[in-house]
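**Student:** There's a structure below that I have some questions on.
Each reported figure results from applying straightforward, stated rules to the coordinates on display, with no laboratory input. Just so we're clear, the structure is a prediction, and the values are computed from it rather than from any experiment. Quick reminder, even Gly has a Cβ in these numbers, built from the backbone with ideal geometry, and neighbours come from all protein chains shown.
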Amino acid sequence: MDPETRLLLGRLIRSERIAHLATLRDGAPMVSMTLYMPERDFSAFYVHVSRLAWHTQDMQRDGHVALSISERDDGRADPFTLMRVSIRGEAVQIANGPKDAWLARLPEQEINFRLADFAFWKVTPRDARFVAGFGRIYNVSASELKALG
């Protein structure tokens, strides 16, 4: 991946706040929208989720997950030219997540910290697949992803 493409991937991950979280539910994939926050060096991604949500229940049973982050649809003629990345990894619940950084990124989410059923989960990347546009597809290792940060 050339330096310009690396910058595009880093910008995509930093600028978007919504991801689709894929989990395994009773042996079949389940995908739901969630908010996320990357570590500065992309060594981890955090989600702050309710234990009542299916994706949380799924992660409690099997931590193998994927996060899909996409450039916002701007109405262009060919949406397949939008940048997107799928990050596969392992999710674990953590006791003390990055609350201050989370609220700086997503201040409206403060209410969720008053609810007992929300907790942070840390997703440690295994690898990623980045599509920078039509025909521009890259496999990215966890170490390469971390080097972008």
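**Student:** How far is the Cα center of the range 11-88 from the Cα center of the range 99-149, in Å?
**Tutor:** Distance between centres, Cα-based: 7 Å.
**Student:** If you don't mind, there's one more thing I want to ask. Tell me the net charge near residue 22. Cut-off is 15 Å between Cβ atoms, residue 22 excluded, with +1 for each Lys or Arg and -1 for each Asp or Glu.
**Tutor:** Residues close to residue 22 contribute a combined charge of +1.
**Student:** Just the projected area, averaged over all directions, of the convex hull on the alpha carbon atoms of the range 43-116: how many nm²?
**Tutor:** Numbers: hull surface 27.0 nm².
It is 6.8 nm².
**Student:** Then there's this: Can you run the Rg to Rh ratio on the range 13-149? Use alpha carbon positions and the Kirkwood inverse-distance Rh.
**Tutor:** 0.97
**Student:** Let me ask something else. Can you tell me the 0 to 90 degree angle between the C-alpha axis of helix 3-15 and the longest principal axis of the chain, rounded to 10?
**Tutor:** Roughly 30 degrees, rounded to the nearest 10.
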